[in-house]
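Single-structure report; data block below.
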Amino acid sequence: MKLILLHGSGHRADSWQETVARMETRQEVLCPDLAGLLGGREASYASLCAAFSEYCGQLDGPLRLCGLSLGGILALEYTLAHPEKVQSLVLIGTPHRVPKAAFALQNLVFRLLPRSAFDGMALNKRDTFLLGRSMRDLDFRGRVEGIRCPTHIVCGERDRANRAAAAYFAQAIPGAALTILENTGHVVNEENPEALARILDAMDTPDGLS
């Protein structure tokens, strides 16, 4: 069994180090880098989804997927496209749609930032804008009701931007569990790695949610 941890757009693969260090899992843990998956291809949502699908296609056996924000979106898209491959799913701070007003404000802020501000992010400044523009119409409403694998929705108490999405997924995905982590913001894997490690270890049990 393989567990794939997918980072968000504001971070890189090494953002999972603290969480993985606290896990007691018996499975193989993989933390791919999103920019590396693209392999020089255009930084569009379609390209990133295709690249992740190709990555998963090279792995044998069922997969456990866990993603934060953009990583959660990719994990969700793959689960919808390949339900037979996904053993369990954990979504952390994952939006169920792109809010137009907040998206426009974020783009404005990004434009004012120097290129160096993107050094610690998944993509450079140019590619971040390209990816963002390709995701403007993203909307999972009405698409997730058919998910049947054990699913756990996680959101930080302080992550107000994604609390509504967490509630939506928990209600729309049959049997999904919901955990709101106190005193935690958006980047759960860095802000509360111990609690997240416990959740991921629990997903490794036979029933997937104990």
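The values are calculated or read from the model by the stated rules, or taken from the named source; none is laboratory data. Quick caveat: nothing in here was measured; it's all calculated off a predicted structure. For neighbour counting, all protein chains shown are included, and Cβ atoms are generated from backbone atoms with ideal geometry for every residue, glycine included. Surface accessibility is based on the protein's heavy atoms, side chains included, excluding ligands, DNA and RNA. Shrake-Rupley method; radii C 1.70, N 1.55, O 1.52, S 1.80 Å.
Residues that are out of contact with any Cys (no Cβ under 6 Å at 6 or more places or on another chain) and farther than 29 Å from Ala167 by Cβ occur at least once in region 61-83.
Would it be correct to say that Gly67 is under 17 Å from Ile4 (Cα atoms) and either loosely packed, with under 12 Cβ neighbours inside 10 Å or modelled with pLDDT under 95 (or both)? So Gly67 fails the test.
Count of region 136-162 residues, restricted to those that are in a loop (DSSP other than H, G, I, E, B), touching a Ser or Thr at 6+ places or on another chain (Cβ under 7 Å) and open to solvent by less than 50 Å² (accessible area, probe 1.4 Å), is 3. Residues in region 11-27 that are in contact with a strand residue (DSSP E or B) (Cβ under 9 Å, 6 or more places away or on another chain) and either in a loop (DSSP other than H, G, I, E, B) or under 16 Å from His186 (Cβ atoms) (or both): His11, Ser15, Trp16, Thr19, Met23, Thr25, Gln27. Being closer than 30 Å to Arg41 by Cβ, surrounded by fewer than 16 Cβ atoms within 10 Å (Cβ to Cβ), among the small types (Gly, Ala, Ser) and touching a residue at least 12 places away in the same chain (Cβ under 8 Å) is the requirement here; does Gly132 meet it? Criteria not met by Gly132. Picking from Ala167, Ala102, which residue would you name as being open to solvent by 50 Å² or more (accessible area, probe 1.4 Å), modelled with pLDDT of 95 or more and either over 20 Å from Cys31 (Cα atoms) or out of contact with any His (no Cβ under 6 Å at 6 or more places or on another chain) (or both)? Just a single option satisfies the conditions, and that option is Ala167. Residues of region 26-47 that are under 26 Å from Ala202 (Cβ atoms), in contact with an Asp or Glu (Cβ under 9 Å, 6 or more places away or on another chain) and open to solvent by less than 30 Å² (accessible area, probe 1.4 Å): Gln27 alone. Of Leu37, Leu5, Leu76, all but one fail to be in contact with a Phe, Trp or Tyr (Cβ under 8 Å, 6 or more places away or on another chain) and outside any helix (DSSP H, G or I); the exception is Leu5.
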